Amino acid sequence: MDSTAFEDLAEKTIESLFDAIDEAIGDDADVDLENGILTVELEDGRQYVINKHSPNQQIWLSSPISGAAHYKYDDATTAWISTRSSDVLLDVLNAEMSQIAGVSVRLG
């Protein structure tokens, strides 16, 4: 994927995550998107940070539950897949946001 396509896809993905997370758990967290960095601060002070890393064409996640992970876009599955496992970014976030909200959360 060329750099322009990556930038567009990563920005759209992060903006979509912002909207979905704010809708799903906005009452339980402070959800903010600034300069392409999505921050989700939970009521207990724990924090998620999701941002793009252009040099590696990855989306990086820092999670208070699962730790740090890097995700690369896979054209075949049209999903962001962990560079260290077969975890899908959206599946990880759905599971963790469901745990936080206490109800099933489907971000996308």
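Bear in mind these aren't lab numbers, they're just calculated from the coordinates by the rules spelled out. On a predicted model such as this, the values are computed, not experimentally measured, just so you know. Note that we place each Cβ from the backbone using ideal geometry, even for glycine, and neighbour counts take in every protein chain shown.
Applying the criteria of a DSSP loop state and at most 11 other Cβ atoms within 10 Å to the GluC sites (Glu not before Pro) of the chain yields Glu43.
The angle between the Cα long axis of helix 89-101 and the longest principal axis of the Cα atoms of the chain comes to about 10 degrees, rounded to the nearest 10.
Taking the Cα centre of the chain as origin, sum charge times position over the Cβ atoms of Lys and Arg (+1) and Asp and Glu (-1), and report the length of that vector in debye to the nearest 20.
On the way: 6 positive and 21 negative charges, 106 e Å.
Using Cβ point charges on Lys, Arg, Asp and Glu, the chain gives about 500 debye.
How much FRET efficiency would the formula 1/(1 + (r/R0)^6) give for Gln99 and Ala76, where r is the Cβ-Cβ distance and R0 is 22 Å, rounded to 0.05? Write out the running numbers ahead of the final one.
On the way: r = 29 Å, r/R0 = 1.31.
That gives a FRET efficiency of 0.15.
With no solvent and one point on each alpha carbon, what is the Debye value of log10 I(q)/I(0) for the stretch 25-65 at q = 0.27, 0.28, 0.33 Å⁻¹? Ignoring solvent entirely, the Cα scatterers give -0.92, -0.95, -1.12. Potential lengthening of the chain between Ser16 and Ser66 amounts to 15.9 nm, from the contour at 0.36 nm per residue minus the alpha-carbon distance.
Taking Cα atoms only, the orientation of helix 3-25 departs from the longest principal axis of the chain by about 10 degrees. For the chain, list log₁₀ I(q)/I(0) at each q in 0.21 Å⁻¹, using the Debye formula over Cα point scatterers of equal strength and ignoring solvent, two decimals each. Taken in order of the listed q values, log10 I(q)/I(0) reads -1.15.
In loop segments of the stretch 15-108 as defined by DSSP, the trypsin sites (Lys or Arg not before Pro) with at most 16 further C-beta atoms inside 10 Å of their C-beta are Arg46, Arg84, Arg106.
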